[in-house]
Amino acid sequence: MAKIHGLAYIVIGVVISASSYAINYTRLVFFFYIGQFFILGGLLKLAFNFVKKKADAPKAAHAENWQGAPSQHGFHRQVHRQQYRRRPKCSSVMRANDRFCSRCGARV
């Protein structure tokens with residue numbers, strides 16, 4: 001299922017609220033508040049994603065250190081790095097120890 005960005009909710013809410021207000025606010029007051037609800041939902045979604053990115057940032061920095069990047073203490077961790085090669089017939093990228101191509105299924 002595709003995720004909808006928070007800005008899309010905000011834009012939809014603004015369009016619904018503005019059009020219901022411009023057409024006839026007294027008869028379309030329900031739609032006006034539905035638009036406001038969409039705007040609030042979009043703002044909450046943007047705020048939640050921002051907080052989630054901030055919380056995941058230290059984890060990503062730790063993952064970079066684990067993969068061999070120098071840490072703030074100057075220690076280096078060595079990790080076995082995969083070597084890759086490109087298959088000339090179908091130009092797919094394969095690991096060096098693969099026996100079959102993942103794209104065309106041919107034996108390498």
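Give the stretch 1-33 a look and list any residue that's surrounded by fewer than 17 Cβ atoms within 10 Å (Cβ to Cβ) and either under 21 Å from F48 (Cβ atoms) or touching a residue at least 40 places away in the same chain (Cβ under 8 Å) (or both), or say none.
M1, A2, K3, I4, H5, L7, A8, V11, V14
For the stretch 86-108, which positions are under 29 Å from the mean Cα position of the chain (by Cα) and in a strand (DSSP E or B)?
Those that are under 29 Å from the mean Cα position of the chain (by Cα) and in a strand (DSSP E or B): R86, V93, M94, R95.
Of the residues that sit in the stretch 8-28 and are polar (S, T, N, Q) and part of a helix (DSSP H, G or I), which one is modelled with the lowest pLDDT? Before you say what the answer is, go through the steps one by one.
The initial filter retains those residues of the stretch 8-28 that are polar (S, T, N, Q), namely 17, 19-20, 24, 26.
Pick out the ones that are also part of a helix (DSSP H, G or I) and you get 17, 19-20, 24.
Values: S17: 93, S19: 92, S20: 93, N24: 89.
If we take residues in the stretch 8-28 being polar (S, T, N, Q) and part of a helix (DSSP H, G or I), then N24 is modelled with the lowest pLDDT.
Out of curiosity, is F37 in a helix (DSSP H, G or I), surrounded by 13 or more Cβ atoms within 10 Å (Cβ to Cβ), at pLDDT 90 or above and not aliphatic (A, V, I, L, M)?
On the way: in a helix (DSSP H, G or I): yes; surrounded by 13 or more Cβ atoms within 10 Å (Cβ to Cβ): yes; at pLDDT 90 or above: yes; not aliphatic (A, V, I, L, M): yes.
Criteria met by F37.
The values are calculated or read from the model by the stated rules, or taken from the named source; none is laboratory data. The model shown is predicted, which means the values in this text are computed figures rather than measured ones. Neighbour counts run over all protein chains shown; Cβ positions are idealised from the backbone, glycine included.
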